[in-house]
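Each reported figure results from applying straightforward, stated rules to the coordinates on display, with no laboratory input. Owing to the predicted nature of the structure, the values given are computational and were not obtained by experimental measurement. Don't worry about glycine lacking a Cβ; one is built from the backbone with ideal geometry, like all the others, and counts go over all protein chains shown.
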Number of protein chains: 2
Amino acid sequence: MLTNPRADRVRAVRALSKRPVRERTGRFVVEGPQGVREAVRYAGASVRDVYATPEAAERYTADILAPAREAGLWIHEVAPEVLAAMSGTDAPQGVLAVVDVAGATLEEVITRCPRLLVLLTHVRDPGNAGTVIRAADAAGADAVLVSGASVDVHAPKVVRSTAGSLFHLPVVTGLEIRATLRHLSAHGIRTYAADGAGTTLLPDADLRSPHCWVMGNEAWGLTGDVLAACDDVVRVPIHGRAESLNLAMAATVCLYASAEARSGGPTYG
Amino acid sequence: MLTNPRADRVRAVRALSKRPVRERTGRFVVEGPQGVREAVRYAGASVRDVYATPEAAERYTADILAPAREAGLWIHEVAPEVLAAMSGTDAPQGVLAVVDVAGATLEEVITRCPRLLVLLTHVRDPGNAGTVIRAADAAGADAVLVSGASVDVHAPKVVRSTAGSLFHLPVVTGLEIRATLRHLSAHGIRTYAADGAGTTLLPDADLRSPHCWVMGNEAWGLTGDVLAACDDVVRVPIHGRAESLNLAMAATVCLYASAEARSGGPTYG
């Protein structure tokens, strides 16, 4: 059992909370049982090490430790103070994994004929980015695309707020926004900017064709040239006196409207 | 101009960050231009004092100070350090108001024949509570009902995350959950528990009749007796591998499905 919170290995894990270290090593940290369980289950080949306190190792035997052992992963028992030293949070809940960045590409995503995508550009709040990834997963989207000007989706706060969804669908990062929009269009995927200034109301948008929602910055939205480059600018209707929805709420409503159209199922009302 | 951050009046405003003080005085604090503007616009009779730094007073003359003056409200110029001392946040953005709790009652809400309501019980996270109030407003709900076991909706973090919506629709607090469910049923308002274990899928729920969404705790949801007391238990479909949506996302999706059904408008797709 690893008991020294000042060991080199502990420092190396802790250093992954810094973006330059993640970029240099191509690794990131997943904290807590939900995230680690989903990583082991859906991205086992990318999991380098699982660290668990003795208590957590016992509690999560069935859904984390046993599957991890079966997959031949490295599992290390660590003292609670070692786990705390590895983690950026006060309560890492006894288990943590170091995972290789998957590095999906736009080409790979497009090859699979996606029908529903979401593209984040200049999204800066970790909680928002994570929530959108979770919403995309729940709505059955085929992938999440992220421009280079957005928050790092492998930052601890983003990883946490995806609640495991980061391992459920491809997340392509570092994209250049305009090239990506052109690329999507060239492959028959319609691009819809979600923006309060849109003239098309969400219920009137064509959501049966393959399409990609484009979501901008929390405060200032999308730039004029991005709006112009999209096939349509769509707004979520506001029925009361609220000025707007926040980014995560708007993305969730748009993605669920797409999911409903895609399932072709019963319509609301 | 008020320049002493240690003045009694400053301490009295700061003390409103504590729930017992809010309950004793029946007042709460709204920080930042968006919240103060909406309070002045939609709840002017409840606004006791507006505090603004000279810079903010100039910047927000048209949309806050002039309307406040016209409504005969008390406006006080304060030094930036006084505003900082009044506020719980690092950046109160130059303007703050002390407002009387409106104190809407369930009877008043029911008298107006509401068609869409949301009831929060045991919701503990301020950001979630505020976001649900904002979503309810955006979806055109008639009121938000809050059980006594939930976070105080007049806490600074809740007020902030409503983005002004707290002043746009009645928010009834301190309700007893089971008595409220019975009361709604007696007035022909169907009660729908939003829960991942529901057997009715959202697109199949009857959203044309007057109804109330019932949302439970972030971690453990609704208790068995509340689920049993509701007319139906409805779940948002999960199309991908995500386990669930978080509370605010689920509430937003449910409320928007209701709004669509209510507007009877074009269907998704």
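Summary table
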{"quantity": "Computed [θ] at 222 nm, helices only, for the protein assembly as shown once each DSSP H run of length n ≥ 4 contributes -39500 (n - 2.57)", "calculated": "-10000 deg cm²/dmol"}
{"quantity": "Charged-residue dipole, Cβ positions (Lys, Arg, Asp, Glu), region A:110-269 about Cα centre, Debye nearest 20", "calculated": "280 debye"}
{"quantity": "Kirkwood hydrodynamic radius of region B:8-100, Cα pairs, Å", "calculated": "12.9 Å"}
{"quantity": "Average Cα contact separation per residue, chain B, under 8 Å, 6 or more apart, as relative contact order %", "calculated": "19 percent"}
{"quantity": "Cβ-vector label at 7 Å, B:Glu58, separations to other copies in nm", "calculated": "6.7"}
{"quantity": "Ascending count of other beta-carbon atoms within 10 Å, so fewest first, for A:Arg14, B:Arg11", "calculated": "B:Arg11, A:Arg14"}
{"quantity": "Spin-label pair A:Ala228/B:Lys157, simplified geometry with 7 Å Cα→Cβ offset, distance in nm", "calculated": "4.3 nm"}
{"quantity": "For B:Leu247, net neighbour charge (Lys/Arg +1, Asp/Glu -1) across residues whose Cβ lies under 14 Å away", "calculated": "0"}
{"quantity": "20 Å-binned pair-distance histogram of the protein assembly as shown (Cα, whole percent)", "calculated": "21, 50, 29, 1"}
{"quantity": "Relative counts (whole %) of C-alpha pair distances in region A:199-250, using bins that are 10 Å wide", "calculated": "20, 56, 24, 1"}
{"quantity": "Positive-pole candidate from A:Gly224, A:Ala7, A:Val172, dipole of chain A, charges at beta carbon", "calculated": "A:Ala7"}
{"quantity": "Assigned charges on the beta-carbon of Lys, Arg, Asp, Glu; chain A dipole about Cα centre (debye)", "calculated": "360 debye"}
{"quantity": "Distribution of pairwise C-alpha distances over chain B, 5 Å bins, in %", "calculated": "1, 6, 13, 16, 17, 14, 11, 9, 7, 5, 2, 0, 0"}
{"quantity": "Where only C-alpha atoms are counted, convex hull volume of region B:93-244 per residue in Å³", "calculated": "121 Å³"}
{"quantity": "Neighbourhood charge, 9 Å Cβ-Cβ cut-off, centred on B:Phe167 and excluding it, Lys, Arg +1 and Asp, Glu -1", "calculated": "+1"}
{"quantity": "Simple Cβ-charge dipole of region A:182-269, Lys/Arg +1 and Asp/Glu -1, about Cα centre, in debye nearest 20", "calculated": "180 debye"}
{"quantity": "For B:Val78, net neighbour charge (Lys/Arg +1, Asp/Glu -1) across residues whose Cβ lies under 12 Å away", "calculated": "-3"}
{"quantity": "Separation of alpha-carbon centers, region B:2-48 and region B:204-244, rounded to whole Å", "calculated": "35 Å"}
{"quantity": "Cα→Cβ-extended label distance, 7 Å offset, between B:Glu55 and B:Arg14, nm", "calculated": "2.1 nm"}
{"quantity": "Set of lysines with alpha-carbon distance to B:Lys18 below 19 Å, sequence-local pairs under 8 removed", "calculated": "B:Lys157"}
{"quantity": "Ranked list, fewest to most other Cβ atoms within 10 Å of each Cβ, for B:Trp213, B:Trp220", "calculated": "B:Trp220, B:Trp213"}
{"quantity": "Pseudo-label separations to other copies for B:Glu108 - Cα-to-Cβ vector, 7 Å, nm", "calculated": "5.7"}
